[in-house]
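Following: one structure in C-alpha cells, then a few remarks.
The values are calculated or read from the model by the stated rules, or taken from the named source; none is laboratory data. Everything quoted here is computed from the prediction, not taken from an experiment. Neighbour counts are summed over all protein chains in view; Cβ atoms, including those assigned to glycine, are modelled from backbone coordinates with ideal geometry.
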Amino acid sequence: MTAAQASPDPETGLALFGLPARASRLEPVTEGYINDTFKVWVGDEPAFILQRINTAVFPDPAALMGNLEAVLPHLHAADYTALELVPATSGRNWAFDPGQHAWRMYRYIPGSRTLESATRPSVAREAGRVLGRFHQLAEAVPAESLVPTLPRFHDLDWRLEQLREAEASGIAERLVTAAPWTALARELAGLCEAIPWAQMPLRVCHNDTKLSNILFAAEADRALCLIDLDTVMPGYLLYDVGDAVRTLMNPLPEDYGDWEAIRLRPELFRAFMEGLQQSGLTLLAQERSALAYGAVLMPLLHGIRALADYLLGDRYYKTAYPGQNRVRACNLLHFAKLVSDHFGELREICLQELR
C-alpha cells in the first residue's frame, strides 16, 4: 500500500471529537503504510486511537465508514473484542476538518498488543480462531451490501496487466534485474488459474489480514480481534487465510536482505488451520479444498505489486533505500514458489484439519 499523505496538525483532528489538546497527549503510531495514526493519552492512560483516513488511497471516506458502520455492530462476542468508534461533535462517526482531511477515532483497547511475526504455534492457532470468528460474526451482513473500497484489489488478472504495463514503460536497467522474477510471477499465476472461484461463496472479508492486523492480549497468546478494517469489503475466504498464513509461515520481514534464507513453517500453517476449525466457522467443501491456493495467491499479488512499482521507479510503496521494492518482490515471490512446491502437503493439512 502507498505512503500516507503529508499529515495536517493532528490537534485539528482531535478537536473534531471534543478533546482539547491541552487535556491530552498525542503519540504517533509508526506501524502501517496508509493512515496517519496517533495514540491519544488522557492523563497517564492511553484512551483513544485517532486516525486521519488517507483519501489518496481511499478517495470515498463516506463509503469506507459506511462499511464500518454496517459491520462493526456485529463484531462483538464473548471471545471477540469489539472495536468502538467515538462519535465526533457533529454526531457522526467521522468528520472532515477545515482542510477537508477525514478523521475518525476509536476507543483504545487496554491490555492489547500487536505482533510482527509468530514463533509459537499458539499464536498461529489463535490467529486462525479469531479470523474464523470474524467471518462468523460478519455473516450477519450481506457481502453485496458493502462498497469495494479498493476495487479489484485482489484481481490477479488486473495485477498481471499492471505488471505488463510496467514492463512496457519501466526503467531499462531495472527491467534486466527483474526479468527472472517477472517470469516466476507468470509461472505462479498459472497455478492460480485452477482456483474454483465460481464455486466459492462471496463473504464479508477483511482483505488485509497480515499478523500485525490481529490484536492480541498483552500478557498471553490470546487473539482479541482484527484491526485496520478499511479494506473490509466483499471477497473470498482464501484472501484472508492466504494473507494471514503469508505472515505466519515466514517470520522474516518482507524486505529481509536474503530471500534464499526464507523457509516455510508448515507446523504454523497446521496450527492456524486448527484454530480456524476451532472457531466453528462453517465452510463449504469447495472452500476447504481451495484454501491452500490463498497461500500462493496472496504473496504472489503482493510480490507483483512491489515488482511493478520497482520497474516504474518506486511510485507507490514507501522505500528506505534504492532497490527495496525489488527485495520485497523477490522475498514474496520466492515464498509463493516455496508454497507452490509444497502445495500438496498444505492442501492435505487443510483437508485434515477443516472437517
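Only one of E219, E187 is farther than 25 Å from L64 by Cβ and outside any helix (DSSP H, G or I); which? Full working, then the answer.
Numbers: E187 fails: outside any helix (DSSP H, G or I).
Exactly one residue qualifies, and that residue is E219.
Here are some residues: A56, A21, A70. Which one is out of contact with any Leu (no Cβ under 9 Å at 6 or more places or on another chain) and not assigned by TED's automatic domain parsing to the domain that holds L146? Full working, then the answer.
Numbers: A21 fails: out of contact with any Leu (no Cβ under 9 Å at 6 or more places or on another chain); A70 fails: out of contact with any Leu (no Cβ under 9 Å at 6 or more places or on another chain).
Of A56, A21, A70, the one residue that is out of contact with any Leu (no Cβ under 9 Å at 6 or more places or on another chain) and not assigned by TED's automatic domain parsing to the domain that holds L146 is A56.
Scan the stretch 260-267 and give yes if some residue there is in contact with a helix residue (DSSP H, G or I) (Cβ under 7 Å, 6 or more places away or on another chain) and either part of a helix (DSSP H, G or I) or outside the structural domain of L237 (by TED's automatic domain parsing) (or both), otherwise no. Reasoning before the result, please.
Here is the first cut: in the stretch 260-267, the residues in contact with a helix residue (DSSP H, G or I) (Cβ under 7 Å, 6 or more places away or on another chain) are 262, 264-267.
In the following step, the residues that additionally are either part of a helix (DSSP H, G or I) or outside the structural domain of L237 (by TED's automatic domain parsing) (or both) were identified as 266-267.
Yes, the stretch 260-267 has at least one match.
I'd like to know if the stretch 187-200 contains one or more residues that are on the phi < 0 side of the Ramachandran plot and in contact with an Asp or Glu (Cβ under 7 Å, 6 or more places away or on another chain).
If we filter the stretch 187-200 for residues that are on the phi < 0 side of the Ramachandran plot, which is where we start, we get 187-200.
Cutting the leftovers down to in contact with an Asp or Glu (Cβ under 7 Å, 6 or more places away or on another chain) gives us 200.
Scanning the stretch 187-200, I find at least one residue that is on the phi < 0 side of the Ramachandran plot and in contact with an Asp or Glu (Cβ under 7 Å, 6 or more places away or on another chain), so the answer is yes.
Take the residues of the stretch 222-251 that are assigned to a loop (DSSP other than H, G, I, E, B) and touching a Phe, Trp or Tyr at 6+ places or on another chain (Cβ under 9 Å): which is surrounded by the fewest Cβ atoms within 10 Å (Cβ to Cβ)? Show your work before the answer.
To start, the set of residues in the stretch 222-251 that are assigned to a loop (DSSP other than H, G, I, E, B) comprises 222, 227-232, 236, 250-251.
Filter once more, so that each one left must be touching a Phe, Trp or Tyr at 6+ places or on another chain (Cβ under 9 Å): 222, 227, 230-231, 236, 250.
On the way: R222: 15, I227: 19, D230: 24, T231: 24, Y236: 24, N250: 24.
Across the stretch 222-251, the extreme among qualifying residues is R222.
Looking at the stretch 320-333, which of its residues are buried (at least 20 other Cβ atoms within 10 Å of the Cβ) and either over 16 Å from P253 (Cα atoms) or charged (D, E, K, R) (or both)?
R326, R328
Restricting attention to the stretch 87-107, which residues are in contact with a Lys or Arg (Cβ under 8 Å, 6 or more places away or on another chain) and either of a type in the set (D, E, K, R) or surrounded by fewer than 19 Cβ atoms within 10 Å (Cβ to Cβ) (or both)?
N93
Would you be able to say whether some residue in the stretch 305-323 is closer than 25 Å to I214 by Cβ and β-branched (V, I, T)?
no
Here are the criteria: (1) part of a helix (DSSP H, G or I); (2) among the aliphatic types (A, V, I, L, M); (3) over 28 Å from P151 (Cβ atoms). Tell me which single one A290 does not satisfy.
(3)
Of the residues A336, A292, which is out of contact with any strand residue (DSSP E or B) (no Cβ under 9 Å at 6 or more places or on another chain), more than 21 Å from R125 (Cα to Cα), modelled with pLDDT of 95 or more and surrounded by 21 or more Cβ atoms within 10 Å (Cβ to Cβ)?
Working: A292 fails: more than 21 Å from R125 (Cα to Cα).
Selected residue: A336, the only one of A336, A292 that is out of contact with any strand residue (DSSP E or B) (no Cβ under 9 Å at 6 or more places or on another chain), more than 21 Å from R125 (Cα to Cα), modelled with pLDDT of 95 or more and surrounded by 21 or more Cβ atoms within 10 Å (Cβ to Cβ).
With hydroxyl-bearing (S, T, Y) and more than 27 Å from N35 (Cβ to Cβ) as the only criterion, which of T119, T81, T114 stands out? Spell out the reasoning first.
Numbers: T81 fails: more than 27 Å from N35 (Cβ to Cβ); T114 fails: more than 27 Å from N35 (Cβ to Cβ).
From the options T119, T81, T114, the qualifying one is T119.
Could you look through the stretch 301-319, keep only residues that are in a loop (DSSP other than H, G, I, E, B) and either touching a residue at least 12 places away in the same chain (Cβ under 8 Å) or among the aromatic types (F, W, Y) (or both), and pick out the one that is surrounded by the fewest Cβ atoms within 10 Å (Cβ to Cβ)? So that I can check it myself, show each step before the final result.
Filtering the stretch 301-319 down to residues in a loop (DSSP other than H, G, I, E, B) leaves 312-319.
Filter again for either touching a residue at least 12 places away in the same chain (Cβ under 8 Å) or among the aromatic types (F, W, Y) (or both), leaving 312-313, 316-318.
Numbers: L312: 18, G313: 14, Y316: 18, Y317: 19, K318: 12.
Out of the qualifying residues, it is K318.
Counting only residues that are among the acidic types (D, E), assigned to a loop (DSSP other than H, G, I, E, B) and farther than 18 Å from T55 by Cβ, which one in the stretch 87-143 is modelled with the lowest pLDDT?
At the first step, the residues of the stretch 87-143 found to be among the acidic types (D, E) are 97, 116, 126, 139.
With the extra rule that they be assigned to a loop (DSSP other than H, G, I, E, B), the set shrinks to 97, 116, 139.
With farther than 18 Å from T55 by Cβ added as a condition, the list becomes 116, 139.
Details: E116: 87, E139: 98.
So, considering only residues that are among the acidic types (D, E), assigned to a loop (DSSP other than H, G, I, E, B) and farther than 18 Å from T55 by Cβ, the one modelled with the lowest pLDDT is E116.
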